[in-house]
Structure formats: C-alpha cells, structure tokens
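Right, one structure below, let's go through it.
Nothing in this text is a laboratory measurement; each read-out follows from the coordinates by a stated rule. Note that the structure is a prediction, hence the values are computed from the model and not measured. Reconstructed Cβ throughout: ideal geometry from the backbone, glycine too, with neighbour counts over all protein chains shown.
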Amino acid sequence: MRIKIGLGYDIHRLVKGRKLILGGVEIPFFKGLAGHSDADVVLHAIADAILGALGEGDIGEHFPNTDSRYKNISSLVLLKNVDGLRRKKGFKISNVDCVVQAEEPKIKNYKKAMEKKIAQCLKIKISEVNIKATTQEQLDAIGQKKGIAAFATVLLIKN
Ligand code: ZN
C-alpha cells in the first residue's frame, strides 16, 4: 500500500509548577502539563499518529515512562526519534493535522509558531502542518481546565 494514515490522541493534567509546552513552543501560563517528559500533548499525538501509520504501536511502548532517560525530556527529541523510524521505513509525510483542546490559555497566537517548530522537527514544509485549537465549551474535564488534550492525523506516502 502506497499511502498510510495514522491517528494520535493524548491528554495530560494541568498542574502548578510546570512549564506549558505545546507543539514544542513554551506558552506563558501559570500552570503546565504533568508528565514524565515535558508532557507536550501536541507532539505526543503527532508521534502516535506517525507510529500508527507505520503500524509501530504507540509512544508508550517506544519511550516507557518508567525509563529515567526520558524524564523531563523535550518531546521534540521523542518526535525526532519516531520520525527517524518513518524515514528508515521509507515513507514521506504528506501532511500533519492537529486539534488542540484547551479551555485556557488561548493558544490562537501560538499556532503559527507551533506549526513552524513541528515542520522543522519533521523536516517538512510549514504548509504541510496545520494546528487547530478549540475549547470544550466548559464541558467535561478539559472544559473545567483540568487538562489539555490533542488529536493528530498524519498521512504517509511510500517513497
Ligand atoms: Zn503524553
């Protein structure tokens, strides 16, 4: 099969005393996401989408949160690592699409910076990365500002 699609989803809790990193970009906010790594839900969702398209499981299998090597690691490193697997398997990226679900902070002004960071990390064009943001209309845990989630899809084309 020449084309492969992958879906990724991730959610982390918002807590005090952590930096908020989304799509590899630090966003000024009084809380950040809790996690073993920097807890970047956007990059985790994208990495999982790439792994899904490759039929290679999920990031939890590749980077166990019990492994001290990944403690507080930048998720750009994890994504780069996953992307290396994609290259090794002979696929190029058609495009990456992502939805970030956050009640606050407003991330509208950071979407372009995130697209740029992700494109650089994956060595693709900025036009091949799209970040969308939505609130949860105050519904459920995300709507109550307890966490931030992200969905991503990736389309891969066999070289
Ligand atoms: Zn995660």
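Magnitude of the charge dipole for the stretch 3-158, about its Cα centre and with charges confined to Cβ atoms of Lys, Arg (+1) and Asp, Glu (-1), is about 560 debye. For N65 and K16, a Förster radius of 30 Å and the Cβ-Cβ distance give a FRET efficiency of 0.90, rounded to the nearest 0.05. When D140, D67 are sorted by how many other C-beta atoms sit within 10 angstrom of their C-beta, beginning with the fewest, the order is D67, D140. Stretched out straight at 0.36 nm per residue, the stretch from I73 to I5 would grow longer than its current Cα-Cα span by 21.8 nm. Pairs from the list K88/K145; K16/K158; K31/K132 with a Cα-Cα gap above 32 Å: K88/K145; K16/K158.
Note on T134 and K88: the model spin-label points, each 7 Å out from Cα along the C-beta direction, lie 3.5 nm apart.
A convex hull fitted to the Cα coordinates of the stretch 91-159 yields 83 cubic angstrom per residue. Tell me which DSSP H helices of the chain clear both cut-offs, 18 Å or more of axial length from alpha-carbon atoms and a mean Kyte-Doolittle hydropathy of at least -0.5. Passing helices, by number: 41-54, 75-88. Taking trypsin sites (Lys or Arg not before Pro) across the stretch 1-58, the ones in a DSSP loop with at most 15 further Cβ atoms lying within 10 angstrom of their Cβ are R2, K19.
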